[in-house]
Amino acid sequence: MAKFRRRTCIILSLFMLFIFSLMMGLKMLRPNKATFGDPFGLELLPLLHQQTRLGKSFDSQNNDKINRETSNKNLKSVEITMKPSKASEPYLEELQPLNYYLHVFYYSWYGNPQFDGKYIHWNHPVLKHWDPRLTKNYPQGKHSPPDDIGSSFYPELGIYSSRDPSVIETHMKQMYSASIGVLALSWYPPGTNDENGENTDDLVPTILDKAHKYNLKVTFHIEPYSNRDDQNMYKNVKYIIDKYGNHPAFYRYKTKTGNALPMFYIYDSYITKPEKWANLLTITGSRSIRNSPYDGLFIALLVESKHRYDILQGGFDGIYTYFATNGFTYGSSYENWARLKFFCDQFNLLFIPSVGPGYIDTSIRPWNAQNTRNRISGKYYETALGAALHAHPSVISITSFNEWHEGTQIEKAIPKRTSNTVYLDYRPHKPSLYLELTRKWSEKYSKERATYASDQKLPLS
C-alpha cells in the first residue's frame, strides 16, 4: 500500500509539473503588446471593456451632465451601439505622429432614442427634386431607423448618438489611428441648427476633451445658419474664441509670419455677397476683425471658377473645395487644382483641396445618381489623395469622417442586409480600410510637404 501511495504521489507531482510547464509555455507565446491587466476573456465583453477605458479619461466639469446621462442609461444602449473589434484596431503606440496639415470634416448631428429621446439625422427625409414633375418618380417620406437609415452604408457603431461619450472616444481613436491631426467640426451658433437636426454647441467641450486625449486638434466648420452676415459672424467668431480658444485642443495654424491663428472653414461662403465679407475680413472693413484678438484664417468654399475673385474681394485667407465628387464642380475637379494652387500662390492664399473616398447620396436624393462616385475598393480615394499631393497644398482636407448621408465617410462601416435594403460596405477589405489608407497617405504627405514647404515658406510644424 505504501508503495502504491508513493507511486501515486510521483504521478501527481509529474502531472502538476507538466501543467506548470504548459502554462509557462503559453505565457511565453503571448503577444508582446498584450496587456496583463485584462482578465482572460474581457475582450468578449466590449461594453465592459469600453467602460474600463473611459474611467481613465479626463473630462472637464462642463461634461458632467453628459457623463451622468451616460451612467444612468440602461443596457438597451447595447442594441444601438456595437463596439468595434479590438483586432481591427492598430496599437496606438505603434503609429507615427499625427499630421496637423491633414484635416477631416466631422459631424456631431446624429441622435438615437437612448441618448436623445428620438432618432436625429438617421431618419433623414428623402429630399424632393426641384422639378415637381420628377419628384413624383421617386420615393418620398422619411427613413425609419434602425434598419432603414438615410445612408447607403451602415456604421460599425450602429445607429449611434453623437452625445454618447464612448462614441466620441471611438471616433477620436479612429482619427488617431489614421494619423489625422485636425477635425473640422460642423458648427451652428447656439440656438440654431440645420433643418434636420438640433443644436450641438453643448457637445463642443466633450469633443475638445476627447480630442486632446489623443493629441488631436479641433477647428470649426461654420455652417450657413439663417441670416449669416458680417455682423453676426463677428459675434460668433468672438464667441468661439472666448469660450473655446484656451482649450489645448483648439487648433491654430502657424502662418508664414510666425503667428498662430485660429482657422475657420466657411461653408457656402459664396451665398453672402463679397462686400459683406469685406466688412469683416479686410483691414479697412467697417466691422474688421483683423489685427484684433479675434483675427484668424478664414477659408472660403470655392465651387465655381468665378468665385476666386469674390474670395479675393471678400478678404478671405484661403480656399477649400469640400465636395468629394471629381468633376461635379470646378473646385472639386482634380484637373483644376494646379491652376487653383497657382492662383492662391499669386495672392498669398492657402489652397486646401478636399479629397474623399467616394460619393453616393441616393438614400436622401434618389434623383442624383449621376453624381455617384464608386469607391472602387479604395482606388478612387487614393487617386484623389495623389492629385492633392501633386498640387503641393498648404493643407489637405478630407470629406469626410462621418457624413453618412452622402456616403463620403471614412469611419468604419459593416455589411448589413434587411428585408428591404442591402447596404454597401468595404468588402473584400476590413471596416478599417479607409482609416488605413488615410494613415498611409498622411505619412506620405508629411514627407512630401517637408520637401516643398521651405521653398514655399510654409510652416513645418
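Coordinate-derived values only; no laboratory data. Only a predicted model underlies this, so the values are computations on that prediction, with no experimental measurement involved. Positions of Cβ are backbone-derived with ideal geometry, glycine not excepted, and every protein chain shown enters the neighbour counts.
Tabulated results
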| quantity | calculated |
| --- | --- |
| Percent of beta bridges antiparallel (DSSP, region 109-452, rounded to nearest 5) | 30 percent |
| Simple spin-label estimate for TRP367 and ARG252 in nanometres, 7 Å along Cα-Cβ | 4.9 nm |
| Value of relative contact order over region 109-452, rounded to a whole percent, pairs C-alpha under 8 Å and six or more apart | 17 percent |
| Whether region 282-440 is rounded, prolate or oblate, judged on the alpha carbon gyration tensor where a/c under 1.5 counts as rounded | prolate |
| Rel. contact order, % - alpha carbon contacts under 8 angstrom, at least six apart, region 178-297 | 24 percent |
| Summed residue charge, Cβ within 9 Å of TRP187's Cβ, Lys/Arg positive, Asp/Glu negative | -2 |
| Region 274-288 and region 111-164: distance between their alpha carbon centers, rounded to Å | 39 Å |
| Chain lengthening between LYS136 and GLU382 when straightened (0.36 nm per residue, less Cα-Cα) | 84.8 nm |
| Three-way shape call for region 203-332 based on the alpha-carbon gyration tensor, with the a/c threshold at 1.5 | oblate |
| Anisotropy class of region 384-461 from Cα gyration tensor, a/c 1.5 cut | prolate |
| Nitroxide proxy distance, nm - points 7 Å out along Cα→Cβ at ASN420 and GLU443 | 4.5 nm |
| Pair ASN348, ALA260: separation of 7 Å Cα→Cβ label points (nm) | 2.2 nm |
| Local electrostatic count, ALA391, Cβ distance below 10 Å [Lys/Arg +1, Asp/Glu -1] | +2 |
| Gained length - ASP229 relative to PHE328, 0.36 nm times residue gap less alpha-carbon distance | 32.9 nm |
| Length-normalised contact order of region 247-371 in % [C-alpha pairs under 8 Å, at least 6 apart] | 18 percent |
